[in-house]
There are 2 protein chains.
Amino acid sequence: MSETRWLTACEQEVWRAFITAADGLTDQLARQLQRDSGMPYTYYEILVALSEAPERTLRMSELAGARGSSRSRLSHAVARLEEVGWVRRRTCPTDKRGSFAVLTDKGYSALEAAAPGHVTEVREKLFDVLTPQQVEQLGEISRAILRGLGAPTPHCPVE
Amino acid sequence: MSETRWLTACEQEVWRAFITAADGLTDQLARQLQRDSGMPYTYYEILVALSEAPERTLRMSELAGARGSSRSRLSHAVARLEEVGWVRRRTCPTDKRGSFAVLTDKGYSALEAAAPGHVTEVREKLFDVLTPQQVEQLGEISRAILRGLGAPTPHCPVE
DNA sequence: CGGGCATGGTTGAGAGTTCAACCAGTACAC
DNA sequence: GTGTACTGGTTGAACTCTCAACCATGCCCG
């Protein structure tokens, strides 16, 4: 156990700015979604993941792994989403332990309704305040952090 | 109501990388704190804020405002911190509505015990994976975001 | 085949956050 | 002073998340 490598004054300043900004930003986005569309941010992410999947269907575990969500959290969340009719569960025929989550039409509509407001918020609060160069830098920095977290995905699900 | 300005593929990639990284990082930090020190991240922040205040004392509202916490949240949190003996409430003599939160010695010790592990995590997961130049860039970017959020504080509480 | 063991997913309790409603206590005007 | 509005803070219910315990099914080896 070696000595603690404390932060320099400069580092501390950057750290606080970063954590405050990141936190404030996600908070703002979550609040906007909840207010305008009545869904928490994590649920929005689930709907997005499903909407991009073939057949709008994913295994529970894939859905959980897609973003760092625990199985438990996902299970609760999907239960809730099923209640409001945005998602349906379907058991896997080949492996009777498994479950699929399927995005319903109603869920797709809800997502379509929520997306513009969300995207607008992201644009205004993030991209509009950064220069193109900074956007690029932020991409690099984010990927570096992800590597450091052992996140195996500098994924580019966009094409 | 104008049309939605959607994200380009490139922006979308940056956005996902950023949100995943920021989220993963805070998640990791919160987890480390909870595991090693038995306190949620927000409570840690409260203790830090109090420890830096004169007399280790702050008005509830100042404490809430210091980071973007709601009055309600803070009230619940301080109630919990009082239970474990890390903070004490004291009523304000000049304004009988007001309350002070005071960090106890026990609370200060808990903070001292928690800090090294937390700082180590921040260093390893953030500063160790970035170049000095990237750290500087991240500072700029964070401040830009904060300005965009209307956060009045590009504050430098370090000195 | 039968006994471990890993895997996919669910469940329930406990904890933190949010939202709206709610007290005081203060300030300000009439 | 009394009425009104505002401010500082608390409370309770609803909701999400976490953690650990738990089924059920699949897998593999003797």
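With the label put 7 angstrom out from Cα along the Cα-to-Cβ vector, B:Pro132 ends up 3.0 nm from the copy partners, going from closest to farthest.
Taking every alpha-carbon pair under 8 Å whose residues sit at least 6 apart, chain B reaches a relative contact order of 19 percent.
With no solvent and one point on each alpha carbon, what is the Debye value of log10 I(q)/I(0) for the stretch A:1-80 at q = 0.12, 0.19, 0.22, 0.25 Å⁻¹? Listed by q, the Debye log ratios stand at -0.55, -0.88, -1.01, -1.15. Put simply, the Cα atoms of the protein assembly as shown extend 63, 50, 42 Å along their principal axes, the longest span coming first. Annotation for B:Glu55 and A:Arg59: the two label points, set 7 Å from Cα along the Cα-Cβ direction, are 6.1 nm apart. Each 10 Å bin from 0 upward holds the following percent of the Cα-Cα pairs of the stretch B:9-148: 10, 33, 32, 19, 6, 1.
Could you do me a favour and compute the accessible area per residue for the protein assembly as shown, 1.4 Å probe, result in Å²?
With the other protein chains kept in place, the protein assembly as shown gives 55 Å² per residue.
Using a 7 Å projection from Cα along Cα-to-Cβ, the label point at A:Asp23 is separated from the same position in the remaining copies by 1.8 nm, smallest value first. The A-B contact accounts for approximately 5800 Å² of buried accessible area, totalled over both chains at a 1.4 Å probe radius.
For B:Glu62, the distances from its label point to the matching points in the remaining copies are 5.5 nm, ordered from shortest, with each point set 7 Å beyond Cα toward Cβ. Candidates A:Met39, A:Leu149, A:Ala49 compared by Cα position along the dipole of the protein assembly as shown: farthest toward the positive end lies A:Met39, with charges placed on Cβ.
Please report, in debye to the nearest 20, how large the charge dipole of the stretch A:10-148 is about its Cα centre when each Lys and Arg carries +1 at its beta carbon and each Asp and Glu carries -1 there. Show your work: numbers first, answer last.
Numbers: 19 positive and 19 negative charges, 161 e Å.
Value, rounded to 20: 780 debye.
Each residue was assigned an accessible area with a 1.4 Å probe, and for B:Lys106 the value is about 120 Å².
For the stretch B:9-148, give the percent of accessible area contributed by carbon and sulfur heavy atoms, probe 1.4 Å, rounded to a whole number. The value for the stretch B:9-148 is 49 percent carbon and sulfur by accessible area. Taking 0.36 nm per residue of sequence separation and removing the Cα-Cα distance, the A:Lys106/A:His76 pair yields an extension gain of 8.8 nm.
The long axis of helix B:9-37 is offset from the longest Cα principal axis of chain B by roughly 30 degrees. For the protein assembly as shown, the Cβ-based charge dipole about the Cα centre amounts to some 1240 debye (Lys, Arg positive; Asp, Glu negative; other atoms uncharged). Under a Cβ-Cβ cut-off of 11 Å, what is the net charge of the residues other than A:Asp23 that fall near it, where Lys and Arg count +1 and Asp and Glu count -1? Residues close to A:Asp23 contribute a combined charge of -1.
Kindly express, to the nearest 10 degrees and within the range 0 to 90, the angle between helix B:105-125's C-alpha long axis and the longest C-alpha principal axis of chain B. Taking the Cα atoms of chain B, the angle to B:105-125 is about 10 degrees. Using heavy atoms of the protein chains and a probe of 1.4 Å, the accessible area assigned to B:Val122 is about 0 Å².
The values are calculated or read from the model by the stated rules, or taken from the named source; none is laboratory data. These figures come from a predicted structure and were not determined experimentally. Note that we place each Cβ from the backbone using ideal geometry, even for glycine, and neighbour counts take in every protein chain shown. Please note that ligands, DNA and RNA were not included when accessible areas were found on the heavy atoms of the full protein model with its side chains. Shrake-Rupley method; radii C 1.70, N 1.55, O 1.52, S 1.80 Å.
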